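The values are calculated or read from the model by the stated rules, or taken from the named source; none is laboratory data. None of these values were measured; they are calculated from a predicted model. As a convention, Cβ positions derive from the backbone with ideal geometry for all residues, glycine included, and neighbour counts pool all protein chains shown. Note: areas computed on protein heavy atoms with side chains; ligands, DNA, RNA excluded. Shrake-Rupley method; radii C 1.70, N 1.55, O 1.52, S 1.80 Å.
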Amino acid sequence: MSSATTPPDSDPSQRRRVHSMLKHYYGLNEEGKVTEQAESLDPCDINGPHFDPEVYLNKLRMECSLGELMDHESCMVKQIRSLDSDMQTLVYENYNKFISATDTIRKMKNDFKKMEDEMDCLSANMAAITEFSAHISGTLQDQHAQITKLSGVHTLLRKLQFLFELPARLNKCLELQAYAQAVSAHRRARCVLQQYSHMPSFRGIQDDCHVIMEQLAQQLRQKFRDGGSSAKDLSECVELLLQLDEPAEELCDKFLSHAQSRFEADLQGLEAELKDSPVTDTGGGLVQKTNPGSNPVSPSSSSTTNPFLSPTAGTDILEFIDRGCNEFVSSLCLVIASYQELFINRPQEGELASKNIPEMANGKLHVFVDTLAARYFSLVERRIQEEKGVSDNSLLVRALDRFHRRLQAISKLLPGSAVPSQGTEIVVRAARERIKQYLSALQTFYHDSLTDVRQALAAPRQSAGGASVSGGGATSKDATPSLPELLTSLSNFILNQLKSVLASVHLFTAKDITFSNKPYFKGEFCSQGVREGLVVSFIKFICQSSRQYCESAGDRGGSTPPALLLLLSRLCLDYETSTISYILTLTDEQFLVQHHTPVTPVTALCAEAREAAQKLLNHYVKVQGLIISQMLRKSVETRDWVNTIEPRNVRAVMKRVVEDTTSIDVQVGLLYEEGVRKAHSSDSSKRTFSVYSSSRQQIRYAPSYTPSAPMDTNLLSNIHKLFSERIDIFSPVEFNKVSVLTGIIKISLKTFLECVRLRTFGRYGLQQIQVDCHYLQMYLWRFVSDENLVHFLLDEIVGSAAHRCLDPSPMEQSVIEVICERG
Amino acid sequence: FVNKLQYLARIDRARALTAQTAETDAIRFLVGTQSLKFDNQIHIIDFDDENNVINKSVLLHDAGEIWHISGSPADKAVLTTCYSKTSESRVLTCAAVWRMPPEWESGSHESPDDSSNNPQTLELLCHLDNTAHGSVACVLWEPMGDGKRVISLAENHMLLWDLQESSTKATISSSATLEGKGQLKFTAGKWSPHHNNTQLATANDTAIRGWDLRSMSQIYCIENAHGQLVRDLDFNPNKQYYLASCGDDCKVKFWDVRHINEPVKCLEEHSHWVWSVRYNHSHDQLLLTGSSDSRVILSNMVSISSEPFGHLVDDDELSDNEESQQEDKGKEPLQDSIIATYEEHEDSVYAVEWSAADPWLFASLSYDGRLVINRVPRALKYRILL
C-alpha cells in the first residue's frame, strides 16, 4: 500500500479512506472491485485479502536494508496506532446513537395510549346518530308515497286533457294548415287511443281524430296532387303522408306521375320545335343544290358557301339543346334529388325501416328516369339528324357538349344509371354522322368545283371558236382563266375546303369539350373517323371520280372536255407528289392520331393518285389522238383518190391537224414540263426530204415487182423496220409534254396509214399524199421526242400510198417544197 | 422451245387469208395477194406437219387484187374472193366463185419460188353480180353447209345467194338493206353456225347487228358495241349466244346476244386496232386476235368458254407431265389469260385463221406478206386435252 508511506495528517481524505476501508471490511464496498481483484492476487499487499504475513516479511527481509526495515517498522507501528484510534471513535459514536433511539421509543409508547381512549368515545357518538336518523325516516314514509301518487294522477290528467283536446286542436291545426303540428300531435296520441279503444269515451276521441286525420290526409293528398305546390312543400307533404302510414309505393308512384306530367309538357315543347323541321329540312336541301356557278374562276363565292348553309328557319340546335337542358334535364335532376331526399335518403325509423322503402323507390326511380331519358334522347337524336347542313360545326359541338355535360349531373345523382352512357352514345353517333356529312359535302363541293371548271373551259370555246384556230391554243387570256390558274384555284379550293372541314371536325376533340376525353374521341374518332372516314375517303373519291371520267366518257370520247382530263391528271399528279402527304401529315398532327387499327398508308394513296393521273393522261392522249384521227380518216375515206386533180395546195385538213396539234402542245405545255427529246439536227424538216428523194422513190416504185421476187419491193422498208423499234401506238405516256404529244401524233399518223392502205390512188392522189405528208413533216417533228418516229410513219404512209397507186409517178421534191411553203 | 414452232412464208402484200375449210387432212391456208399493177395470185400454203415443211403453190387470179377470200365448206376446190376491179377510173369491189384447177397439186408446188413460170389460173364459176349494190365487203359461206348458199355484204345490202348447177349460176334468193341516217356500210359479217344456220351477225361502223335469214329482218342491234369501227366478228362455235368482236378501240369484246347492254368480257391487250378475231373451232377457250400493232395474241378465255370451268386435272396424270411448273398451275382452276403474244410480224396483221385440219395450228398474215404459222403451246394443249 502506497498510502502507507504518506503521513495521515491530511484529515478529510484520510478519513474517507478509513471509512471506505471499513466499509470494505464489512462487505459494503461498492467501488474498486477491480482494484480488489488486482490487489488480491498479491500476497504481499498488506491491504489485500490474501495477505500472507510470512511472505510479506520474507520479502521485506530479502529486499530491504536494515535502515529501510527500521523505517518500515516504525511506519507500520504508526499505522497500527492510527487504526486503533479510528476504531475507538467509531465504537463510541455508535453507542451514542443507540442510546438516543431507546429514548424515542419509550416516549412513543406513552402517546399511543392516550389516542386509544379518544377513539372509543367517537364510536359511541356515531351509534347514537344512526339511531336518530332511522327514527326520522320512519315517520316521513307515508307522506312521500302520497305525493308520488298525486303527481302520477296529475300527469295522467294532463295526458287525458291532451287527448280530449286533441280533436279540437287538430281541427284548429287543420284550419291554420299547420299540418306538421297536427300530424305530430296525432302521432303522439295514436298509440294510447289504439290501446284504450275499448272504452267508449276514448273510442269517440279516436273516431273523431280519425275523421280529422282522414280529412287532413285528404287535404295533404290534394296538395300533393296540385301542380302548383313547390318542391319543398311537396317534400313536406310526402313526409307527413308517410308518417300517416300512407303506403310508400303509392306515394312514389304519385310523386313520379306528378313529375311525369310536368316532363310531358317539357317534352312536348321540345317536340313542337321538331314539328316544323321537315319544312326547313327540304329548304336546306334546296339551298344546297342550287349552284349558280356564274363566276367560274371563283367557285368559292357561290358554291363554297351554299352547301354549308344550314336550315336556319327553325331554332338552331344549340337553342334546342339549351332548352332541353334547362327545362328537361335540370328539372329531371331536381326531381331526382327531391325524390331521393324523400324516399331514399331519409333516416329509417320505426316500422318504416322494415318495408325496405329505399330499394323499392330506387327501382321505381331508375325505371322512371330511363323511360323519360329514352324519350328525350329520341327527340334529341331526331333534332341532331336534322342537322344536315354542315354550316357551323361549332354550334353542333357546343350543343353536344352542353347536352353531354348536363347529363353528367344525372350520373352524379344516379350513379348506376345508364343515361349518361347513352348520352355519350348519342354524341358519338352524331360525330360519326357528321363526318359522313362532311365527306358528302366535300364530294358535292368537288363536283361543283369541277362543274365550274368545266364551264370555264367551255366558255372560251363558244365565245372564241375562231380564236383557237387563228391563235392556236393560247386563247384570249384576258377573258378566261388559263389552265394553270384553273388548276391552282381548283386545288386551292379543295385544300382550303378540306382544311376548314378538318378545323370544324377538330372541334369535337377540343380540350374544353367534356366528351373529348372519352375513349372514342381519343382513338377511333381520330383514326377511323377523321383520317380514314374523311380524309382518306375523300382522296380516294377524287381518284375514283377521276378514273370514272376515263371510263364513262371513254368510248365515244365526247362528254368530258380533253382540257379537263389534262387538268385532272395534273391535279392527281400533284396530289401524288405532295398534296396527299401534306394533308395526311396535317391531319395526323391536328388530331394526334394514334393508330390502334391499321390505317391506309400514304404510299398506297399516292400510288392510287398516280395511277389515276396516268390513266387520265393516257385517256387525254387517246381522246385528242382520236379527234385528229377522225379528221384524217374522214379526209381519206371520203375522197375519190383515183380521180383527184393535180395537187396545188396542202389539203385544209392537214393544216387543221397541225393547228390542233399546236394548240394541244400549248395546252399541255401549260401544265406539264417539256420533257426530254432525242437530239435532232437543226434542219430536221430538210433532212426528211431525202427519204422521198426521187432516186429512192425510183427504186421503190420501179417495175421490179415480179411475183417471183416479192422481197425486193419491200426490202427498204423491211430493213428500216428491222432496225427501228416496234412502235406501240396506244401506249402509256410519261408525265411530260413531249411524251403526250408523241402519243397523240403516233395515234394520228397510224390512223392515216391504215386508212391510206384501204384506198386506191391515182397518180395525183399519190402526189397529194406526198404533199400532205411533207407538210406534216415540216411541222410535226418538233413536237415529238424522237423525230425519226414521224419520219418513219410518214415514210410508211407515202410508201403505202405508192403501193396502192394505179399509176405511181411521184411528184418532184422541189415542187412539193414549193407547194408546202406556199400553203 | 419445241412447242412454239413457227414457219414463215413470204408472199407479197396481202390482206386475205382463209383456211381451206373443206380440207380436213392437210393443213392448208389460202392467201390472196393485193397488187394493182400485176396479176394477183392465190397462194396455197401447205404445211407438212411431220416434216415441218411449208409447200407453196400459186394460182393466178387475174380479176384484180383480193380483199377477201373464203373457202367452200363442202368442196375444197371451190372458193370465193372479193376483188377490186378498176374500170373507167372507178374502183369497184366485186365477188366471184372460183374453182381451183384439179391439177394444181401435182403441178407447181415442187418449185414454189418458180411459180411464175406457168401458174395455173383459177377457173371462174360465177360472179356474184353486184353492180346494183356497190362494193362487196365480204362473202360468207353457209357454215358446214352443202356449199350451195353464200351471203355477200355489199355496202348496205345483204344478199343471200343460191348457187346452182355446180356453183356455176348464182341467184339472189333474198336480200335485206340496212336503212339509216348517213352512208351505212357493212364492214364485216359472220354466219352463225348455230340455230340451223338461220342467223347472221354483221358490223357496220360501231354497231353489231343480228339478222334472221328466214325473214331477213334484224333481231338485235348492239349500238356502240365498240368505241370506234368494228373490224371483225366471230361466233363461239360451241355456245350459240356468244359472239366475239374487235375494232379500232383496240378492244376485243365478248357478247351474249341475249344481254346486249354490256359485253360479257372485254380484253384490252392490243395497242392498236384489232382487225381479226377467231375462235378455235373445237376448243372455244382459245381465241386468236390480230392487230395493226403487228402482234398476234392467243388468249385463253376459260371463264366464258363451253369447257367446264375450273375443272381440276388429276394429280396422277400431272405427275406424268415432265414440266413441274404445269403441276403447280394445274391444281388451281385455269384463269383467263394471255397464252402467248407473237411478235414475228413487222407490219400490221390483218388476218388470223385457225387451221381447219389441225385445231392446234394457226396462221397469221401481215400486210408485208409474211405468213406465220404457229402452234398452240404444247403444255397448254395437253392441259386442255387431259
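The table below gives the values:
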read-out: R0 of 60 Å, Cβ-Cβ distance A:I147-A:E250: FRET efficiency to nearest 0.05; value: 0.70
read-out: Per-residue SASA entry for B:L288, accessible area with 1.4 Å probe, Å² rounded to 10; value: 0
read-out: Hull volume in cubic angstrom per residue (convex hull over the Cα atoms of segment B:128-227); value: 97
read-out: In nm, spacing of pseudo-spin labels at A:N496 and A:M70 (7 Å Cα→C-beta vector); value: 14.2
read-out: Highest to lowest packing among A:740-753, A:139-152, scored as the average C-beta count within 10 Å; value: A:740-753, A:139-152
read-out: Full-extension gain in nm, A:D120 to A:I136, via 0.36 nm per residue minus C-alpha separation; value: 3.1 nm
read-out: Ordering of A:169-177, B:297-305, B:219-227 by burial proxy (mean other Cβ atoms within 10 Å per residue, highest first); value: B:297-305, B:219-227, A:169-177
read-out: Ranking by accessible area, most exposed first, for A:K109, B:K37 with a 1.4 Å probe; value: A:K109, B:K37
read-out: Efficiency of FRET between B:L385 and A:N517 - r from beta-carbon atoms, R0 60 angstrom, step 0.05; value: 0.30
read-out: Shape parameters for segment A:178-221, alpha-carbon atoms, Rg then Dmax in Å; value: 10.7, 31
read-out: Gain on full stretching of the segment that runs from A:S545 to A:E734 - 0.36 nm per residue minus C-alpha separation; value: 65.9 nm
read-out: Segment B:E179-B:E269, extension gain: residue separation times 0.36 nm, minus the distance between their alpha carbons; value: 29.0 nm
read-out: For chain B, alpha-carbon Rg relative to the globular expectation (2.2 N^0.38 Å, N residues); value: 0.97
read-out: Three semi-axes of the equivalent ellipsoid, segment A:621-665, Cα gyration tensor, whole Å, largest first; value: 23, 13, 4
read-out: Rounded percent of accessible protein surface that carbon and sulfur make up, segment A:118-157, 1.4 Å probe; value: 69
read-out: Within 10 Å of each Cβ in A:750-757, the average number of Cβ atoms from other chains; value: 4
read-out: Projected label distance in nm at A:R405 and A:L83, using a 7 Å step from Cα toward the beta-carbon; value: 10.8
read-out: Surface accessible to a 1.4 Å probe, B:H133 within the full protein complex, Å²; value: 40
read-out: Per-residue mean of C-beta atoms belonging to partner chains within 10 Å, peptide B:368-374; value: 2
read-out: Förster radius 22 Å - calculated FRET efficiency between A:Q219 and A:S261 (Cβ-Cβ, nearest 0.05); value: 0.60
read-out: Principal axes of segment A:727-785: Cα extent on each, largest first, Å; value: 43, 23, 12
read-out: Accessible area, probe 1.4 Å, largest first, for residues A:D452, A:D266; value: A:D266, A:D452
read-out: Label-point separation, B:N197 to B:H127 (7 Å along Cα→Cβ), nm; value: 2.6
read-out: Most to least packed among B:56-64, A:499-507 [average Cβ atoms within 10 Å]; value: B:56-64, A:499-507
read-out: Debye-sum result for segment A:721-819 in log10 I(q)/I(0), which assumes one identical scatterer on each alpha carbon, at q = 0.14, 0.23, 0.24 Å⁻¹; value: -0.55, -1.19, -1.25
read-out: Segment B:183-285, Rg to Rh (Cα coordinates; Rh as Kirkwood inverse mean 1/r); value: 0.94
read-out: Interface size A-B, as summed buried accessible area [1.4 Å probe, Å², nearest 100]; value: 3800
read-out: Residue-averaged beta-carbon neighbours from other chains (10 angstrom radius) around A:617-630; value: 1
